[in-house]
Amino acid sequence: MAELTSLTSIDHLEWAALLVALAALVRGYTGFGFAAIAITGLNLIWPPQLSVPVILLLDLIGTAGLLKQALRQADKGLCLRLGQGALLGIPLGLTVLIQVPETWLKLIISAGVLLMTLLLIRRPAVTPREYPLLTRLVGILSGAFTAAASVGGLPVVCYLLTTPMKPALQRASMVLFLAATDLLALLMLYLNDVFDASLLGPVLILLLPTLVGVQLGQWGFHRLRPASFHPVALPVLALLSVSGLGMGVYSIF
């Protein structure tokens, strides 16, 4: 962890604070997007082995204020089926985070975020009902993406947009499920020595912009009551993932 100390210079943290504030604003407004936006941005300056646990912890803390309402509104059965899949996916993602070299992992994360963003832009067709087996498979994918890249929300978003659920119900279900998977992924990271006390410094410094951004985003959601979250989250995700992909390709070739 000693080599990570240099990553906490003021220049890095100013850039990181701006990124997490933007990501938290989107998360408070839409119920998702914090980790995906923050991780694709932070990977431009930090290695995934640092940015993933930091963002997971910030995501979990930032979600705390959304949980009360989410517990009332979420589809508990859907969250349970997603969670059953995530229990299988998280260990797979943890293996990727530990074993894959930093440069390639950054490239994989950016490519994955861009692919799922393009799927969201296509606006998948709505199906008449939920399919439990497919829900569990999405949970596996989400759990793996959470542990490997802290972007487990995107597969769930892609899936929920194919269901007839209203935006408020989608948002509440995503908040509840992602809070549970963040907590489990952090526990697994800690048990495998990927997360320790040395990461608390960056987390504490980035906590204020995270909390402020979430509250402002939640205020905007209740005030505007959007019919769709696409115009808010997708342009930011596309821009950051393309930037990360370009830098990843440049660093390799």
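Tabulated values for the structure
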read-out	value
Subset of the stretch 73-106 that is of a type in the set (Gly, Ala, Ser) and within 18 Å of the chain's Cα centre (by Cα) - its residue that is surrounded by the fewest Cβ atoms within 10 Å (Cβ to Cβ)	Gly83
Hits in the stretch 86-107 - residues which are more than 23 Å from Phe177 (Cβ to Cβ) and assigned to a helix (DSSP H, G or I)	Ile98, Gln99, Glu102, Thr103, Trp104, Leu105, Lys106, Leu107
Scope the stretch 124-143; condition within 13 Å of Leu154 (Cα to Cα) and either at pLDDT below 85 or aliphatic (A, V, I, L, M) (or both); matching residues	Val138, Ile140, Leu141
Verdict on Ala148 being touching a helix residue (DSSP H, G or I) at 6+ places or on another chain (Cβ under 9 Å), touching a residue at least 60 places away in the same chain (Cβ under 8 Å) and part of a helix (DSSP H, G or I)	yes
Residue in the stretch 152-165 that is in contact with a helix residue (DSSP H, G or I) (Cβ under 6 Å, 6 or more places away or on another chain), over 23 Å from Arg129 (Cβ atoms), in contact (Cβ under 8 Å) with a residue 12 or more places away in the chain and surrounded by 16 or more Cβ atoms within 10 Å (Cβ to Cβ) present	yes
Close pairs (7 angstrom Cβ cut-off, 6 or more residues apart or separate chains): more than 17 Å from Phe221 (Cβ to Cβ) in the stretch 64-80, aliphatic (A, V, I, L, M) and surrounded by fewer than 19 Cβ atoms within 10 Å (Cβ to Cβ) anywhere	Asp75/Leu169
Selection from the stretch 43-91 of residues that are more than 24 Å from Thr163 (Cα to Cα) and either touching a His at 6+ places or on another chain (Cβ under 9 Å) or among the polar types (S, T, N, Q) (or both)	Asn43, Ile45, Trp46, Gln49, Ser51
Among the candidates Leu78, Leu56, residue that is in contact with a Phe, Trp or Tyr (Cβ under 9 Å, 6 or more places away or on another chain), modelled with pLDDT of 90 or more and over 30 Å from Gly246 (Cβ atoms)	Leu78
Test: residue in the stretch 3-18 that is modelled with pLDDT under 85, of a type in the set (Gly, Ala, Ser), out of contact with any Pro (no Cβ under 8 Å at 6 or more places or on another chain) and part of a helix (DSSP H, G or I)	yes
Failed item, numbered, when Ala197 is tested on (1) among the aliphatic types (A, V, I, L, M); (2) out of contact with any helix residue (DSSP H, G or I) (no Cβ under 9 Å at 6 or more places or on another chain); (3) closer than 17 Å to Ala35 by Cα	(3)
Residue match in the stretch 22-37 (condition: at pLDDT 90 or above, outside any loop (DSSP other than H, G, I, E, B) and in contact with a helix residue (DSSP H, G or I) (Cβ under 7 Å, 6 or more places away or on another chain))	no
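Condition check ((1) basic (Lys, Arg); (2) crowded, with 22+ Cβ neighbours inside 10 Å; (3) under 16 Å from the mean Cα position of the chain (by Cα); (4) not in a loop (DSSP other than H, G, I, E, B)) across all residues:
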site	(1), (2), (3), (4)
Gln170	no, yes, yes, yes
Ala179	no, no, yes, yes
Ala185	no, yes, yes, yes
Met188	no, no, no, yes
Val194	no, no, no, no
Leu200	no, no, no, yes
Ile205	no, no, no, yes
Leu211	no, no, yes, yes
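The values are calculated or read from the model by the stated rules, or taken from the named source; none is laboratory data. Note that this is a predicted model, so its numbers are computed, not measured. Using ideal geometry, Cβ is built from the backbone for each residue, glycine included, and neighbour counts are taken over all protein chains shown.
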